[in-house]
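Colleague: One structure, as structure tokens, below. Some questions next.
The values are calculated or read from the model by the stated rules, or taken from the named source; none is laboratory data. On a predicted model such as this, the values are computed, not experimentally measured, just so you know. Using ideal geometry, Cβ is built from the backbone for each residue, glycine included, and neighbour counts are taken over all protein chains shown. For the accessible areas, the whole protein counts, side chains as well, though only heavy atoms, and no ligand, DNA or RNA atoms are used. Shrake-Rupley method; radii C 1.70, N 1.55, O 1.52, S 1.80 Å.
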Amino acid sequence: MPDEGQTPQRPPIRDSVADGVHTSRRHDSAEKHVAGTARYVDDLPEPPGTLHCALGLATVARGRVRAADLSAVRAAPGVVAVLTAADVPGEADVGPVFHDEPIFAVLGDGAGGPVHFHGQPLFVVAAATRRQARAAARLARIDYEEAAPVLTIEDAMAAGALHDAPYRMARGDVGAALAAAPHRLEGRIAIGGQEHFYLEGQVALAIPGEDGDMHVHSSNQHPSECQQVVARVLGVAHHAVTVEVRRIGGGFGGKETQGNLPAAAAALVARATGRPAKLCFDRDADMIVTGKRHDFRIDYEVGFDGEGRLLAMRVAQHARCGWSRDLSHAICDRAMFHADNAYYLPAVEIESHRWRTNTASNTAFRGFGGPQGMLGMERVIDHVAAHLGRDPLALRRLNAYDPPGGARTVTPYHMVVEDSVIGELLDELAERSGYAARRTEIAEWNAGSALVKRGIALTPVKFGISFTMTHLNQAGALVHIYQDGSVMLNHGGIEMGQGLYTKVAQVAASALGVDLADVRITATRTDKVPNTSATAASSGSDLNGAAVQAACDTLKARLTGWAAEAWGVPAEAVAFLPGRVSVGGEEIAFADFVARAYRARVSLSATGFYATPEIGWDRAAGRGRPFYYFACGAAVTEAAVDTLTGESRLLRADILQDVGRSLNPALDLGQIEGGYVQGAGWLTTEELVWDGAGRLRTHAPSTYKIPTAGDWPAMDIRLWEKGMNRALTIRRSKAVGEPPLMLGISAFLALSDAVAAADGAGYPALDAPATPERLLAAIARRRA
């Protein structure tokens with residue numbers, strides 16, 4: 001036995017680690033959130049001499065800066081620097097994929113370039129205080145050559161203002177199938193956008209270092225991309241920029257690309273002045289400058305038989321993308337991927353049109369285009385059911401993808417659905433929620449209620465998990481074991497309140513056989529784990545958990561090899577148990593075991609890497625396997641509408657979600673609840689309004705209405721007990737970040753069902769969001 005003369009520690013015998021995977025564990029920062037001690041970028045101590053920045057913003061939606069007089073800005077109290085595009089040492093563009101987003105519209109003193117939307121950044125000013133910087137930014141005298149803006153999808157269609165040529169996915173002979181169908185319908189739905197409304201606004205703190213280095217603290221979902229954009233703007237190599245993120249106060253996709261501009265602007269000031277620089281948006285500026293969820297118009301034509309079985313469908317998706325491409329290319333593709341939602345379509349054609357408008361560039365938002373595509377499909381099911389006079393749930397069940405091995409499993413993009421549990425989820429939720437009896441009771445109630453009508457809807461979700469840009473499906477990790485047995489790990493994922501750090505720490509704890517309390521996660525940094533992907537696409541746990549597992553496996557293999565040789569036993573005789581390691585039957589406390597390994601000069605640090613297998617997408621051919629697996633769920637919502645005022649209430653929601661074998665059930669339940677409410681808010685109360693001059697009028701909590709606690713229905717949320725991922729994900733779990741948002745579609749269709757109970761005839765054709773005005777308009781159409 002090695003280390004003779006030392007008394008080996010004899011650890012207590014126990015069966016499991018404390019708070020490992022598959023157990024409910026509170027968020028690692030929960031107590032800090034409640035106490036207000038969790039540190040975000042704006043809470044970090046500011047280094048001496050820190051400058052505060054503000055952006056000058058365009059006051060027209062389309063045109064050109066003819067001349068810019070910034071003399072008053074420079075002369076304002078406290079101002080240290082005013083920078084324009086002329087002061088950028090590298091490339092003056094912050095576009096994440098396509099370089100089509102100039103950082104500033106003012107090119108230099110007296111010179112300007114094109115203005116593409118109201119609120120576009122013109123320049124950055126740095127002053128001693130935030131108040132001084134913001135006051136100075138408003139002193140600029142800008143002479144514009146103004147032009148009529150293109151603001152809506154219809155405006156863009158009339159102007160032919162496309163970002164890219166239309167893109168098409170298809171399978172089967174749609175024309176022939178539509179012509180042969182016993183029944184046909186055409187329809188349209190307009191779907192509004194959505195503001196992310198994260199609690200923490202966009203903020204960045206840039207600290208200059210030696211030799212041109214720049215350290216950036218950013219509220220950002222994609223540190224590696226932020227690193228690349230900042231380096232590009234500064235004209236330096238990537239290794240000269242380090243981006244650090246400990247936590248962000250909500251993201252929902254709004255900090256995947258939108259944090260790059262404030263980070264680059266702060267870094268520019270830090271580079272120019274040699275002093276730390278901080279840029280923190282106020283809520284109004286944040287909402288005006290940053291992009292939203294894409295608003296869509298979806299036109300559809302569907303053919304079906306007398307039972308409601310779908311035979312053919314043709315869909316045209318029109319998306320308002322804003323002035324630049326941002327991530328619209330991939331977002332609109334994903335809307336097409338989810339145009340089928342949970343239903344088999346024998347013949348289908350989906351065409352996507354990406355329209356350029358003089359509004360802020362729309363961007364990633366939880367679901368990444370999937371919610372819009374799914375809502376279009378659910379509208380079709382609802383419309384067909386109304387036409388045939390049947391319960392929409394019967395049609396959903398009839399058209400659902402078959403379980404594994406069935407004949408109806410091929411998607412419009414030619415991927416076989418190998419893991420559909422839609423039918424089981426629909427049946428189980430319908431029974432548990434008492435759907436059939438409630439539907440009967442609601443119909444009876446409506447017959448006796450002249451003014452207030454109730455509705456109910458049960459809808460499924462089938463959401464593909466993986467980045468559809470295949471190369472993004474990778475992650476790295478770094479794991480250290482210290483001599484006392486404590487573990488420190490780092491990975492490329494971002495903690496934005498969803499509990500990713502806790503889940504990944506649980507993976508490490510279970511992998512090494514230590515308690516969760518012995519594992520510490522450090523801030524995500526580009527100099528620890530490089531070339532990471534965004535924490536997005538619901539892949540945070542899948543990717544980073546697997547990378548950490550790989551690092552732990554490397555450490556265990558290394559320690560196993562050393563122990564087998566040192567103790568003279570076969571490798572099979574070395575086992576990592578909770579809190580201890582068994583070597584040839586001798587059990588040693590984990591801390592003592594690793595301390596001995598250190599003295600034997602065994603490395604206790606390892607990197608891990610994971611790349612999602614079995615995926616690939618040929619966009620040109622319109623076929624492939626863009627997703628590793630599908631996450632499924634279902635929700636039934638009951639709602640009521642006052643037919644005189646349009647006021648509505650969500651009364652009850654029952655939810656069943658398949659999360660596989662949950663890494664942390666408590667966190668998953670929280671994600672499901674929050675996702676449903678955010679999805680329901682998108683489709684009911686959250687309305688974005690621009691005026692004819694292109695000014696966003698709903699740019700504050702006073703005018704933009706997210707759901708409050710009083711708007712939530714009574715909720716019964718359950719994880720599907722049969723859940724088990726057929727795909728080899730980390731511990732057979734399934735993603736839970738985005739899929740629950742689409743459960744909110746049931747709230748919208750419950751309101752539509754309530755409107756359908758009002759006097760009159762015809763399908764309500766309700767548009768989203770279902771504000772009181774739109775509900776009244778739908779009721780009026782029926783009565784007309």
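Colleague: Among the residues of segment 83-104, what is the count of those that are touching a Gly at 6+ places or on another chain (Cβ under 9 Å) and either open to solvent by 10 Å² or more (accessible area, probe 1.4 Å) or of a type in the set (S, T, N, Q) (or both)?
Modeller: Step one: filter segment 83-104 for residues touching a Gly at 6+ places or on another chain (Cβ under 9 Å), giving 84-91, 101-102, 104.
Among the residues that remain, those that are also either open to solvent by 10 Å² or more (accessible area, probe 1.4 Å) or of a type in the set (S, T, N, Q) (or both) are: 84-91, 101-102.
Number satisfying all stated conditions: 10.
Colleague: Would you mind listing the helices (runs of 4 or more DSSP H) fully within segment 328-437 where at least 1 residues are within 21 Å of the chain's Cα centre (by Cα) and among the aliphatic types (A, V, I, L, M)?
Modeller: 328-337, 370-388
Colleague: Go through A550, A600, A571 for me and flag whichever is open to solvent by 20 Å² or more (accessible area, probe 1.4 Å) and within 37 Å of the chain's Cα centre (by Cα).
Modeller: Only one candidate passes the filter, namely A550.
Colleague: In segment 606-630, how many residues are more than 22 Å from E418 (Cα to Cα), open to solvent by 40 Å² or more (accessible area, probe 1.4 Å) and either among the charged types (D, E, K, R) or touching a Leu at 6+ places or on another chain (Cβ under 8 Å) (or both)? First the steps, then the outcome.
Modeller: The first filter runs over segment 606-630 and keeps only residues more than 22 Å from E418 (Cα to Cα), leaving 606-610, 620.
Going one step further and asking which of them are open to solvent by 40 Å² or more (accessible area, probe 1.4 Å), we end up with 607, 609-610, 620.
Next, only the ones that are either among the charged types (D, E, K, R) or touching a Leu at 6+ places or on another chain (Cβ under 8 Å) (or both) stay: 607, 610.
Summing the residues that are more than 22 Å from E418 (Cα to Cα), open to solvent by 40 Å² or more (accessible area, probe 1.4 Å) and either among the charged types (D, E, K, R) or touching a Leu at 6+ places or on another chain (Cβ under 8 Å) (or both) in segment 606-630 gives 2.
Colleague: Tell me, yes or no, whether segment 202-219 has at least one residue that is touching an Asp or Glu at 6+ places or on another chain (Cβ under 7 Å), surrounded by fewer than 18 Cβ atoms within 10 Å (Cβ to Cβ) and hydrophobic (A, V, I, L, M, F, W, C).
Modeller: no
Colleague: Still on this model: May I ask you to say which residue of G20, G108, G113 is farther than 26 Å from G291 by Cβ, in contact with a Leu (Cβ under 7 Å, 6 or more places away or on another chain) and open to solvent by less than 20 Å² (accessible area, probe 1.4 Å)?
Modeller: G20
Colleague: Assuming P707 fulfils every condition listed in (1) assigned to a helix (DSSP H, G or I); (2) at pLDDT 95 or above apart from one, which condition is it?
Modeller: Every condition holds for P707 apart from (1).
Colleague: Are any residues in segment 376-415 of a type outside the set (A, V, I, L, M, F, W, C), open to solvent by 40 Å² or more (accessible area, probe 1.4 Å) and touching a helix residue (DSSP H, G or I) at 6+ places or on another chain (Cβ under 9 Å), and if so, which ones? So that I can check it myself, show each step before the final result.
Modeller: Of all residues in segment 376-415, those of a type outside the set (A, V, I, L, M, F, W, C) come to 376, 378-379, 382-383, 387, 389-392, 396-397, 399, 401-406, 408-409, 411-414.
This time we only want the ones that are open to solvent by 40 Å² or more (accessible area, probe 1.4 Å), so: 387, 389-391, 397, 403-405, 408, 414.
Within segment 376-415, R390, D391, R397, P403, R408 qualify.
Colleague: Then there's this: I want to confirm something. Restricting to segment 112-153 and keeping residues that are closer than 14 Å to V60 by Cβ and among the aliphatic types (A, V, I, L, M), which single residue is nearest to the chain's Cα centre (by Cα)?
Modeller: Checking each candidate, the answer is L151.
Colleague: Could you please let me know if T84 is over 30 Å from R619 (Cα atoms) and modelled with pLDDT of 95 or more?
Modeller: Against the criterion (over 30 Å from R619 (Cα atoms) and modelled with pLDDT of 95 or more), T84 qualifies.
Colleague: Can I ask one more? Which residues, counting only those in segment 257-280, are open to solvent by 20 Å² or more (accessible area, probe 1.4 Å) and either assigned to a loop (DSSP other than H, G, I, E, B) or out of contact with any helix residue (DSSP H, G or I) (no Cβ under 7 Å at 6 or more places or on another chain) (or both)?
Modeller: Q258, L261, T273, G274, R275
Colleague: Before we move on, is I672 within 24 Å of A631 (Cβ to Cβ) and aliphatic (A, V, I, L, M)? If you could, list the steps in order and put the result at the bottom.
Modeller: Details: within 24 Å of A631 (Cβ to Cβ): yes; aliphatic (A, V, I, L, M): yes.
So I672 passes the test.
Colleague: Can I ask one more? When segment 91-117 is examined, which residues are found to be more than 18 Å from H329 (Cα to Cα) and in contact with a Ser or Thr (Cβ under 6 Å, 6 or more places away or on another chain)?
Modeller: F104, V106, G108, F117
Colleague: Moving to a separate point now. Suppose we filter segment 754-784 for residues that are in a helix (DSSP H, G or I) and either modelled with pLDDT of 95 or more or open to solvent by less than 60 Å² (accessible area, probe 1.4 Å) (or both); how many remain?
Modeller: Pass one, segment 754-784, residues in a helix (DSSP H, G or I): 754-756, 772-783.
From what's left, either modelled with pLDDT of 95 or more or open to solvent by less than 60 Å² (accessible area, probe 1.4 Å) (or both): 754-756, 772-780, 782.
Going through segment 754-784 one residue at a time, the tally reaches 13.
Colleague: Which ones in segment 682-697 are open to solvent by 10 Å² or more (accessible area, probe 1.4 Å) and under 16 Å from D286 (Cβ atoms)?
Modeller: Within segment 682-697, L688, R695, L696, R697 meet the criteria.
Colleague: Assess whether L751 counts as being open to solvent by less than 30 Å² (accessible area, probe 1.4 Å) and in contact with a strand residue (DSSP E or B) (Cβ under 9 Å, 6 or more places away or on another chain).
Modeller: So L751 passes the test.
Colleague: Another one. Could you check A595 against (1) in a helix (DSSP H, G or I); (2) on the phi > 0 side of the Ramachandran plot and say which number it fails?
Modeller: Failed condition: (2).
Colleague: Just to be sure before I move on: is W720 open to solvent by 10 Å² or more (accessible area, probe 1.4 Å), touching a residue at least 40 places away in the same chain (Cβ under 8 Å) and more than 24 Å from T459 (Cβ to Cβ) in the structure I sent?
Modeller: no
Colleague: Restricting to segment 598-614, count the residues that are under 21 Å from K734 (Cα atoms) and in a strand (DSSP E or B).
Modeller: Narrowing segment 598-614 to residues under 21 Å from K734 (Cα atoms): 608-614.
From what is left, the residues that are in a strand (DSSP E or B) are 608-611.
Counting residues in segment 598-614 that are under 21 Å from K734 (Cα atoms) and in a strand (DSSP E or B) gives 4.
Colleague: What's the number of the condition E586 fails, among (1) surrounded by fewer than 24 Cβ atoms within 10 Å (Cβ to Cβ); (2) in contact with a helix residue (DSSP H, G or I) (Cβ under 9 Å, 6 or more places away or on another chain); (3) within 17 Å of V21 (Cβ to Cβ); (4) touching a residue at least 40 places away in the same chain (Cβ under 8 Å)?
Modeller: Here E586 clears every test but (3).
Colleague: In segment 455-462, is there at least one residue being open to solvent by 10 Å² or more (accessible area, probe 1.4 Å), on the phi < 0 side of the Ramachandran plot and not acidic (D, E)?
Modeller: The answer is no, given that none of the residues of segment 455-462 is open to solvent by 10 Å² or more (accessible area, probe 1.4 Å), on the phi < 0 side of the Ramachandran plot and not acidic (D, E).
Colleague: For W617, all conditions in the list (1) part of a loop (DSSP other than H, G, I, E, B); (2) touching a residue at least 12 places away in the same chain (Cβ under 8 Å); (3) within 39 Å of the chain's Cα centre (by Cα) hold save one; what is the number of the exception?
Modeller: That leaves (1) as the condition not met.
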